1. Looking at ALA39, ALA28, can you tell me which residue is closer than 15 Å to VAL183 by Cα, touching a residue at least 12 places away in the same chain (Cβ under 8 Å), in the same structural domain as GLY178 (by TED's automatic domain parsing) and not in a helix (DSSP H, G or I)?
2. Within the stretch 8-20, is there a residue that is in the same structural domain as SER133 (by TED's automatic domain parsing), part of a loop (DSSP other than H, G, I, E, B), touching a strand residue (DSSP E or B) at 6+ places or on another chain (Cβ under 8 Å) and of a type outside the set (Gly, Ala, Ser)?
3. Yes or no: the stretch 132-146 includes at least one residue that is of a type in the set (Lys, Arg), in contact with a Leu (Cβ under 8 Å, 6 or more places away or on another chain), farther than 30 Å from ILE294 by Cβ and assigned by TED's automatic domain parsing to the domain that holds LEU71.
4. State the number of residues belonging to the stretch 1-25 that are under 20 Å from ARG199 (Cβ atoms), surrounded by fewer than 17 Cβ atoms within 10 Å (Cβ to Cβ) and at pLDDT 95 or above.
5. Test of understanding: among GLU157, GLU113, GLU151, which residue is out of contact with any helix residue (DSSP H, G or I) (no Cβ under 7 Å at 6 or more places or on another chain) and on the phi > 0 side of the Ramachandran plot?
6. Out of the residues in the stretch 190-220 that are modelled with pLDDT under 90 and surrounded by 16 or more Cβ atoms within 10 Å (Cβ to Cβ), state the one that is nearest to ASN261 (Cα to Cα).
7. Being closer than 24 Å to ILE201 by Cβ and β-branched (Val, Ile, Thr) is the filter; apply it to the stretch 244-303 and report the residue that is surrounded by the most Cβ atoms within 10 Å (Cβ to Cβ).
8. Identify all residues within the stretch 72-89 that are surrounded by 13 or more Cβ atoms within 10 Å (Cβ to Cβ), over 17 Å from the mean Cα position of the chain (by Cα) and charged (D, E, K, R); write none if there are none.
Amino acid sequence: MSIEVSHLLKKYGEQKAVNDVSFSVGKAEIVGFLGPNGAGKSTTMKMITGYLAPDAGEISVCGIDVKKFPLESKKKTGYLPEANPLYYDMYVREYLDFIAGVYKISSKKSKIEDVINLTGLTPEAAKKTGQLSKGYKQRVGLAAALIHDPEVLILDEPTTGLDPNQIIEIREVIRNLGKNKTVLFSSHILQEVEALCDRIIVINKGEMVADERITVLQNNSQGQSVSVSFREALEEEWIKRIPAVISYESPDKMQWKLQTNNPDLLKKQLLEMSLQHNLNIVSLQSENKNLEEIFRSLTRKEN
């Protein structure tokens with residue numbers, strides 16, 4: 001495994017910011033790390049990178065114990081923190097040269113050009129970092145995280161504050177990196193997570209609440225939606241009388257989104273109701289919960 005976290009604990013005073021968190025991430029896997037603000041995501045990521053020391057638990061990166069061998073583990077890890085630390089008076093190549101020097105990289109010039117090309121920085125590479133847009137500043141941060149060719153990338157909110165075009169560009173960079181590197185990244189933009197990840201880890205109030213493939217969570221989540229459209233407007237009372245309906249919403253009494261625990265039974269009951277009231281169904285389909293609905297249901301639970 002590229003990342004192994006076991007029974008991780010971090011306390012600030014009496015508050016447990018991270019409480020008994022365990023997970024692993026395999027090679028060339030892109031995993032979304034989700035949770036509400038204050039859930040413990042950034043704290044966990046900082047401990048994986050060695051920036052913070054845990055109060056208890058064990059962490060290894062590429063089989064290297066982060067606590068016992070901090071320098072060796074850092075050589076395997078690239079980190080982009082949420083607050084991207086750049087020196088705004090440095091030019092892009094100058095800044096990357098400085099970072100390469102920190103890592104004592106030989107052939108710095110070729111490495112710098114490689115990461116500039118990889119992250120799409122070429123059009124802006126002659127500017128100072130302080131002159132760049134937020135999207136290009138994020139690219140510089142990614143380039144700095146990649147300069148030493150790490151096997152593991154830890155990206156904390158890499159698309160925060162970006163416009164839709166910049167988000168798509170950074171998404172493509174991350175997707176390409178994930179072909180041969182392990183990527184653990186946090187984001188509040190759940191569409192990004194769905195686009196990039198097959199698997200997510202969710203923490204809430206410092207504790208693990210999910211570690212699963214998105215498709216499995218969708219199939220196992222309590223309650224599914226059935227969308228049905230009628231040619232005619234319906235009486236709300238007719239929907240209320242359908243036994244398999246848990247809740248419902250409708251913008252115009254012709255299109256209905258119904259929540260149920262048994263989609264097949266609900267479809268059958270809708271067909272029976274339509275025959276009883278001489279209604280015409282235009283469309284009828286089941287829908288799995290999207291990631292936003294799953295996230296809300298997981299993080300609303302009390303620990």
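The values are calculated or read from the model by the stated rules, or taken from the named source; none is laboratory data. No experiment lies behind these values; they were computed from the predicted model shown. Note that each Cβ is placed from the backbone with ideal geometry, even for glycine, and that neighbours are counted across all protein chains shown.
1. Just one listed residue meets the conditions, ALA28.
2. Looking for residues that are in the same structural domain as SER133 (by TED's automatic domain parsing), part of a loop (DSSP other than H, G, I, E, B), touching a strand residue (DSSP E or B) at 6+ places or on another chain (Cβ under 8 Å) and of a type outside the set (Gly, Ala, Ser), one finds none in the stretch 8-20, hence no.
3. yes
4. Qualifying residue count, the stretch 1-25: 3.
5. So the residue among GLU157, GLU113, GLU151 that is out of contact with any helix residue (DSSP H, G or I) (no Cβ under 7 Å at 6 or more places or on another chain) and on the phi > 0 side of the Ramachandran plot is GLU157.
6. GLN218
7. ILE294
8. Once the filter is applied, which keeps residues that are surrounded by 13 or more Cβ atoms within 10 Å (Cβ to Cβ), over 17 Å from the mean Cα position of the chain (by Cα) and charged (D, E, K, R), the stretch 72-89 yields GLU72, LYS74, LYS75, LYS76.
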